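Peer 1: Take this structure, written in structure tokens, and hold onto it; I'll ask about it next.
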Amino acid sequence: MEAPAGPEPGRAQIVTLTMNPALDITTGVDAVRPTDKLRCDTPRYDPGGGGINVARIAHVLGASVEAVFPAGGSTGDLLTSLLDGAGVPYRRVAIGTSTRESFTVNETGTGRQYRFVLPGARLSCRERACCLDELRSAAAAADFVVASGSLPPGVPADFYQRVAELCGELGVRLILDTSGGGLRHVSSGVFLLKASVRELRECAGRPLATEADQLAAAHELVDTGRAHSVLVSLGSHGALLATAHASQRFAAIPSSGGSGVGAGDAMVAAVTVGLGRGWPLVKSVRLGIAAGTAMLMTPGTAACDRAEVERLFALAAEPVDV
């Protein structure tokens, strides 16, 4: 794999924004049953939330990255302590409410996975403004901003459009991965939009039952100027890429499966890293598919291994036009 072109000293090439971070807790139990006390395995703790996950994987892949996020309370303290331990640079915006937890239970007897996601911390108008101020400062000399994850209570649905406008002012390319109102209210300024089929379906407001339907919805986002390119993740079926002049399908890399938690964030991180190396978008997406596949092999939301990503990247096929 080609080595990254080193970033300029004193700046982060990639800046991530996580408005709804979480302390991810993962454990296992033989069977999930109602009423009974369930004796769980020793829990694993990871710093989580879309942009934080992206920053962790980008850091593992050798990119210069900085994460911006609001955090408060003891869970916020533990989250930032875990980032310190991983060596990921960050800018924490202090808030008056506690950072949420996300709880994943692996049922070892069946292989099923149960994910419990608590509501995010409600942010005040001042706290939201501080997040944008920190993002503006961190991204002033960056090449990419990755805004990833849901919006917490107290954040207006058009917040990511404000982020897009900020990136436009700075001349920074925005990569966006979100859902719900945060996605529906984006009207312009996104360089690359990554969405799952579910997120794309919610945005389009129709079933999108076929690949042709999914590509049509992705191209609508491109044709209306909301995004320059749209990457649709299909899980075990690979991905679709829609640009102004092409529609392409990327095959998945065969794997033995595992937990899909964080695979989409790993894909976004690796795509951004590839673009930061000066690679074409198509090659960067192949790296993203490799990283997403590598993430399936890690416990909980632990970061994937760089050597494994490189091995899988060599197996990632070129896309086909559709």
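Peer 1: Please compute, for the alpha-carbon atoms of region 134-238, the extent along each of the three principal axes and give them in descending order in Å.
Peer 2: 42, 28, 27
Peer 1: How big is the convex hull of the Cα atoms of the chain, per residue, in Å³?
Peer 2: It comes to 136 Å³ per residue, whole-number rounded.
Peer 1: Among G262, G288, G85, determine the one that fluctuates most according to a GNM of the chain built with springs between C-alpha atoms less than 10 Å apart.
Peer 2: In this elastic network of the chain, the residue with the biggest mean-square fluctuation among G262, G288, G85 is G85.
Peer 1: What does the charge count near V155 come to, summing +1 for each Lys or Arg and -1 for each Asp or Glu among other residues with Cβ under 13 Å from its Cβ?
Peer 2: Overall, the nearby charge balance is +2.
Peer 1: Among A55, A142, A129, whose mean-square fluctuation peaks in a Gaussian network model of the chain (Cα, cutoff 10 Å)?
Peer 2: A129
Peer 1: Rounded to the nearest 0.05, what FRET efficiency do L38 and V117 give with R0 = 30 Å and r taken as the Cβ-Cβ distance? Could you check?
Peer 2: Efficiency for this residue pair is about 0.95.
Peer 1: Right, another one. How do R277, R286, R311, R112 line up, fewest other C-beta atoms within 10 Å first?
Peer 2: Details: R277 19, R286 27, R311 14, R112 11.
The most exposed by this proxy come first: R112, R311, R277, R286.
Peer 1: So what's the net charge close to N53: Lys and Arg +1, Asp and Glu -1, counting the other residues with Cβ under 11 Å from its Cβ? All intermediate terms of the calculation are to be shown ahead of the outcome.
Peer 2: Working: positive: R56; negative: D24, D46, D177, D265.
Here the count lands on -3.
Peer 1: On to the next question. Take the Cα radius of gyration of region 56-164 and divide it by 2.2 N^0.38 Å, with N its residue count; two decimals is plenty.
Peer 2: 1.19
Coordinate-derived values only; no laboratory data. Owing to the predicted nature of the structure, the values given are computational and were not obtained by experimental measurement. Cβ sites come from the backbone with ideal geometry, for glycine too, and all protein chains shown count toward neighbours.
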